[in-house]
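Worksheet for the structure shown next.
The values are calculated or read from the model by the stated rules, or taken from the named source; none is laboratory data. All values reported here derive from a predicted model rather than from experimental measurement. Cβ: placed from backbone, ideal geometry, glycine included. Neighbour counts: every protein chain shown.
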Amino acid sequence: MEYTFTFDKSDEGKFREVLSRLEDNEYTIIQDVHLVEPDKPAESDHAMVIDMDPEAALTFRLGMKFVKIRRARSEEELAAEKARDDRHKVKVTIHTPMGGPATP
C-alpha cells in the first residue's frame, strides 16, 4: 500500500529515527522528504511518500505522535470521503451593508 506521511519540519529527525527501525524489505521510498507547499518554505510541513506494509505504518503511529498518515485513495474513494465530510460542515453566509461595518 502507498502511504503519505506528513509531519512538522522539526520532526524530520524523529521520522528518520522511526524509519530506521524498519527492515529494508518493509518499505520503498517513492518520493523522499519534500515541502508540501514549496512556495512557502518557512511555513510548510514536510511529506514523504512510501510504499510499505500496513504493519510497518503502525510503527510510525506508535513512534511519532504528530505524524499524519494517509493511504493513497482512488478518485471514487476521495469523492465519497469529500461527500461524507461536506455533510458535516456548516456554511454560514454573512451580509454586511455596502458602506462597511454597521455602526451601533
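Filter region 37-59 down to the residues that are surrounded by 14 or more Cβ atoms within 10 Å (Cβ to Cβ) and of a type in the set (A, V, I, L, M) and list them by number.
If the condition is that a residue be surrounded by 14 or more Cβ atoms within 10 Å (Cβ to Cβ) and of a type in the set (A, V, I, L, M), then Ala47, Met48, Val49, Ile50, Met52, Ala56, Ala57 are the ones that fit.
Anything in region 18-36 that is acidic (Asp, Glu) and either farther than 20 Å from Ala72 by Cα or surrounded by 11 or more Cβ atoms within 10 Å (Cβ to Cβ) (or both)? List them, or say none.
First, the residues of region 18-36 that are acidic (Asp, Glu): 23-24, 26, 32.
Across region 18-36, the qualifying residues are Glu23, Asp24, Glu26.
Please work out if Ala47 is in contact (Cβ under 8 Å) with a residue 40 or more places away in the chain, among the small types (Gly, Ala, Ser) and in contact with a strand residue (DSSP E or B) (Cβ under 7 Å, 6 or more places away or on another chain).
yes
Select, from Ala57, Ala83, the only residue that is out of contact with any helix residue (DSSP H, G or I) (no Cβ under 8 Å at 6 or more places or on another chain) and at pLDDT below 80. Talk me through it step by step, then tell me what you get.
Working: Ala83 fails: at pLDDT below 80.
After ruling out the rest, the residue left standing is Ala57.
When you scan region 7-42, how many residues do you find that are modelled with pLDDT of 80 or more and in a strand (DSSP E or B)?
9
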